[in-house]
Amino acid sequence: MDHFLYRDGALFAEDVPVSEIAAAVGTPFYVYSTATLLRHFQLFDDALDGTDHLVCYAMKAASNQAILKTLAQAGAGMDVVSGGEYLRAKAAGVSGDKIVFSGVGKTADEIRAALTGGIRQFNVESEPEMEVINAVALELGTVAPITVRVNPDVDAKTHAKIATGKSENKFGIPIARASEVYAHAASLPGLEVIGIDVHIGSQLTELEPFELAYTKVAELTEQLRAEGHNIRRLDLGGGLGIPYTRSNDAPPLPMEYGALIKKTLGHLGCEIEIEPGRLIAGNAGLMVSKVIYVKSGEGRDFLIVDGAMNDLIRPAMYEAHHDIVAVQEPAAGVEQQAYDIVGPVCESGDTFAKQRNMPPLKSGDLIAFRSAGAYGAVMASEYNTRPLIPEVLVNGDQFAVIRERPSFDEIINRDTIPSWL
Ligand code: LLP
């Protein structure tokens with residue numbers, strides 16, 4: 001459920017007409033709903049009710065500080081994957097003891113920044129990384145809390161580019177080697193081993209892969225405890241999928257996911273962390289764009305819109321489907337027409353949808369890409385010297401620009417010309 005609904009023939013973001021935002025900020029832009037963000041966070045928090053837990057929002061999904069602050073004020077922790085994300089979370093007012101640091105290649109500088117500024121735990125991805133965390137902690141005269149990310153060799157049954165839990169993926173240490181790696185970690189005086197971390201992929205639409213992975217984590221917890229490790233925290237990653245279409249796919253609900261966590265791991269008495277990103281932000285955001293031209297091609301009509309692959313790359317990168325709706329609600333019974341919906345970038349890959357049924361549209365009409373709140377704005381680029389598009393946050397009947405559209409001067413002046421030119 002989200003808060004982008006038609007009222008009296010016009011698409012609203014909560015209590016604000018989308019067309020009013022477009023008039024104020026220009027197109028294209030991203031708009032997020034505070035109520036949807038909070039609702040989705042709350043679903044996870046409620047799903048783990050009765051268990052000692054922290055929902056650490058995977059801020060890679062949408063990392064504007066206004067979003068982070070909204071969620072942090074509701075009690076969320078953060079999952080960060082780079083020094084930049086760590087600093088951004090801190091800048092948004094999140095305290096270090098609610099930030100977990102994931103990511104495959106943390107550098108000594110990133111580790112130093114986090115140990116200095118405060119960190120809940122590092123999710124260690126390899127033995128060389130473990131050695132560096134140990135060395136930096138000793139250099140700073142401190143002890144780094146860690147979990148080790150194990151790779152359970154489970155098929156997440158999702159798009160290959162976002163599956164992370166198979167042995168051929170670059171993530172974590174093979175679960176079969178956990179015993180050895182934990183013994184190594186325990187021997188390093190700069191580390192305190194507190195738990196286990198696992199994350200098997202993103203946009204999972206079934207519970208079974210989670211069940212397989214979490215069952216393996218439960219067995220590993222008992223084994224490591226028997227080997228003398230005080231395993232007291234389990235970080236279960238993110239990955240629960242969202243419905244990208246209104247009709248057919250209905251992934252499991254957070255409540256069912258929470259029940260599975262309790263069933264597979266509840267008996268261990270561990271503190272539980274989860275790292276959802278997409279489910280919190282995905283359906284809390286739209287990308288709004290304007291039709292520039294309607295062009296008749298060979299046997300097909302193209303809607304050429306002012307948003308492009310650089311603004312929302314998911315269709316080009318993962319063949320992802322986003323529902324696209326007209327901002328002005330089509331009159332009842334209006335005959336739909338199939339369009340190829342494309343951006344202005346000079347690549348055929350700059351295609352959002354092929355032969356998509358839409359109401360008849362004309363130049364100047366607004367359309368909205370649904371489910372664009374996660375991995376939308378954060379994956380945008382300035383390809384074709386197209387400015388990063390603004391982000392807007394709605395809260396009830398108020399809205400605010402939370403990231404401005406840069407001017408062309410700002411973009412162009414970022415280049416510096418060497419002295420020999
Ligand atoms: N934790 C870790 C360690 C992760 O690598 C990820 C996502 C998450 C949590 C959050 O997963 P989520 O709940 O959002 O599924 N750009 C892709 C998605 C990449 C996901 C990367 N890792 C897309 O647009 O589909």
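The values are calculated or read from the model by the stated rules, or taken from the named source; none is laboratory data. This structure is a prediction, so every number in the text was calculated from the model and none was measured. Here the Cβ positions follow ideal geometry from the backbone for every residue, glycine too, while neighbour counts run over all protein chains shown. For the accessible areas, the whole protein counts, side chains as well, though only heavy atoms, and no ligand, DNA or RNA atoms are used. Shrake-Rupley method; radii C 1.70, N 1.55, O 1.52, S 1.80 Å.
Counting DSSP beta bridges in segment 103-274, what percent are antiparallel, to the nearest 5?
5 percent
Using the Cβ of F399 as centre and a radius below 10 Å, the other residues enclosed give a net charge of -4, where K and R count +1 and D and E count -1. Most simply put, the chain has about 50% antiparallel DSSP beta bridges, counting only bridges with both residues inside it.
Of the accessible area of segment 265-407, computed with a 1.4 Å probe over protein heavy atoms only, carbon and sulfur atoms account for 49 percent. Size of the chain: Rg and Dmax of its alpha carbons, in Å, are 22.9, 71. Remark on segment 103-274: ratio of C-alpha radius of gyration to 2.2 N^0.38 Å is 1.06. Springs between Cα atoms under 10 Å define the GNM used for the chain, and in it the highest mean-square fluctuation of N384, N357, N169 occurs at N384. Counting only protein heavy atoms and a 1.4 Å probe, the chain has 42 square angstrom of accessible area per residue. Dipole size of the chain about its Cα centre, with +1 on Lys/Arg Cβ and -1 on Asp/Glu Cβ: approximately 220 debye, rounded to the nearest 20.
Sequence-distant contacts, meaning Cα pairs under 8 Å at least 6 residues apart, place the relative contact order of segment 107-169 at 28 percent. To test your reading of the geometry: what angle, between 0 and 90 degrees and rounded to tens, separates the Cα axis of helix 34-47 from the longest principal axis of the chain? That helix lies at roughly 30 degrees to the long axis. Separation of the alpha carbons by more than 29 angstrom is noted, of K98/K263; K60/K216; K170/K290; K60/K295; K60/K290; K60/K362, for K170/K290; K60/K295; K60/K362.
Summing +1 for each Lys or Arg and -1 for each Asp or Glu among the other residues whose beta-carbon sits under 12 angstrom from that of S348 gives -2. Measuring from a point 7 Å past the Cα of D8 along Cα-to-C-beta, which residues in segment 15-40 have an amide N at less than 16 Å? Within reach of a label on D8: 15-21. Candidates P406, S381, I367 compared by Cα position along the dipole of segment 367-421: farthest toward the positive end lies I367, with charges placed on Cβ. Relative contact order, whole percent, for the chain stands at 20, derived from Cα pairs under 8 Å and 6 or more residues apart. Sites counted here are GluC sites (Glu not before Pro) in a DSSP loop (not H, G, I, E or B) having no more than 11 other Cβ atoms within 10 Å; the longest part of the chain that contains none of them is 1-167.
Taking Cα centre as origin and charging only the Cβ of basic (Lys, Arg, +1) and acidic (Asp, Glu, -1) residues, the dipole magnitude of segment 256-384 rounds to 220 debye. When the Gaussian network model of the chain links Cα atoms closer than 10 Å, the mean-square fluctuations of T264, T116, T351 top out at T116. A cut-off under 14 angstrom between Cβ atoms defines the neighbours of T34, and their net charge, with Lys, Arg +1 and Asp, Glu -1, is -3. Note on the chain: dipole from Cβ charges, positive end direction compared against G241, G307, H267; the farthest Cα belongs to G307. Using a simple spin-label model with pseudo-atoms 7 Å out from Cα toward Cβ, A186 and A24 lie 5.8 nm apart. Site pair D155 and T215 shows an inter-label distance of 1.6 nm when each label is modelled 7 Å from Cα along Cα→Cβ.
Summing Cβ point charges (Lys, Arg +1; Asp, Glu -1) relative to the Cα centre of segment 120-205 gives a dipole of roughly 360 debye.
Note on Y383 and M255: with the Förster distance fixed at 41 Å, the Cβ-Cβ geometry gives a FRET efficiency of about 0.55.
Placing unit charges on the Cβ atoms of the charged side chains and taking the dipole of the chain about its Cα centre, the candidate lying farthest along the positive direction among L138, M317, L38 is M317. With the helix formula -39500 (n - 2.57) applied to DSSP H stretches of n ≥ 4, the chain reaches a computed 222 nm mean residue ellipticity of -8000 deg cm²/dmol. Highest average first, the peptides 321-333, 274-286 ordered by how many other beta carbon atoms sit within 10 Å of their residues are 274-286, 321-333.
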